[in-house]
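Here the structure is laid out as structure tokens; the discussion comes afterwards.
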Amino acid sequence: MAFSLNSSYKDSGEDWLGEVPEHWEIIRTKNIFRLVTEPAPKNNSEELLSVYSDIGVKPRKELEERGNKASTTDGYWFVKKGDVIVNKLLAWMGAIGVSEYDGVTSPAYDILRASKPVDSKFYHYLFRNPICTSKLKQHSKGIMEMRLRLYFDEFGNIKIPYPPFEEQQRIVAFIGETHLNY
């Protein structure tokens, strides 16, 4: 699949983005995604999901040796395939990813669900890009670097690119073809 850069560009108005194709919108994250806080029912048997800076979103059972094990998922948040999961504590290190699974995740994570047509994988790549994670770090709050948290009230106000849906899909396919993996 060919990917064309034959476009006129404009200043995005955001230092971290620089120039973007002139037909792209630059809008706040909260105008593309909404924060979802849909609790899972008690005694559910949903897949427990976690998000990691190095591998994205995975079922916890595939990675049992990593991190703490939850004794129950009561009160956890429902996740739908295509949702973006944000580890508030490690977002600035790239612990954000699109879920390829339905399941549940800890309330320590934010679940973002698209409110506009999106290819969630486009935002997976964007939010994990080192230029973007640097911007996320600027909007994170905390008394020391290892305690920084990115809350949705800040994340939601960050302006990000919103290309047409079909173009998002072409970009995702191009990145997949070139095997960039972040």
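The values are calculated or read from the model by the stated rules, or taken from the named source; none is laboratory data. Small disclaimer: the values here were computed from a predicted structure and weren't measured. Here Cβ is always computed from backbone atoms with ideal geometry, including for glycine, and neighbour counts include all displayed protein chains. What goes into the accessible areas is simple: the full protein's heavy atoms, side chains included, and nothing from ligands, DNA or RNA. Shrake-Rupley method; radii C 1.70, N 1.55, O 1.52, S 1.80 Å.
In order along segment 102-113, the phi-based Karplus estimate (6.51 cos²θ - 1.76 cosθ + 1.60, θ = phi - 60°) of 3J(HN,Hα) comes to 8, x, 9, 8, 4, x, 6, 9, 9, 10, 10, 10 Hz; Gly and Pro are listed as x. Calculated accessible area for the chain comes out at 54 Å² per residue, all protein chains present (probe 1.4 Å; ligands, DNA, RNA ignored). Along the axis of the charge dipole computed for the chain (Cβ charges of +1 for Lys and Arg, -1 for Asp and Glu, origin at the Cα centre), the listed residues Ile131, Ile143, Leu90 are led at the positive end by Ile143. How much of the accessible area of the chain, in percent, comes from carbon and sulfur atoms when a 1.4 Å probe is used? On the chain, the fraction of accessible area on carbon and sulfur atoms equals 49 percent. Set against the labelled values (i) -0.45, -0.52, -1.25; (ii) -0.24, -0.31, -1.63; (iii) -0.26, -0.33, -1.47, log10 I(q)/I(0) by the Debye sum over Cα atoms at q = 0.08, 0.09, 0.20 Å⁻¹ computed from this structure falls on (iii). Of all DSSP beta bridges confined to the chain, the antiparallel ones make up roughly 95%. Of all aspartates and glutamates in the structure, those lying under 13 Å Cα to Cα from Lys141, and not within fewer than 8 positions of it along the same chain, are Asp153, Glu154. In a Debye calculation with equal point scatterers on the alpha-carbon sites of segment 127-182 and no solvent, what is log10 I(q)/I(0) at q = 0.14, 0.18, 0.28, 0.31 Å⁻¹? Log10 I(q)/I(0), no solvent term: -0.53, -0.76, -1.11, -1.20. Straight Cα distances below 26 angstrom link Lys10 to the lysines Lys30, Lys116, Lys121, Lys135, Lys137, Lys159, with same-chain residues fewer than 8 positions distant left out. Taking amide H as placed 1.01 Å from N in the peptide plane, Tyr101 has its amide H under 5 Å from the amide H of Gly82, each at least 5 places away in sequence or on another chain.
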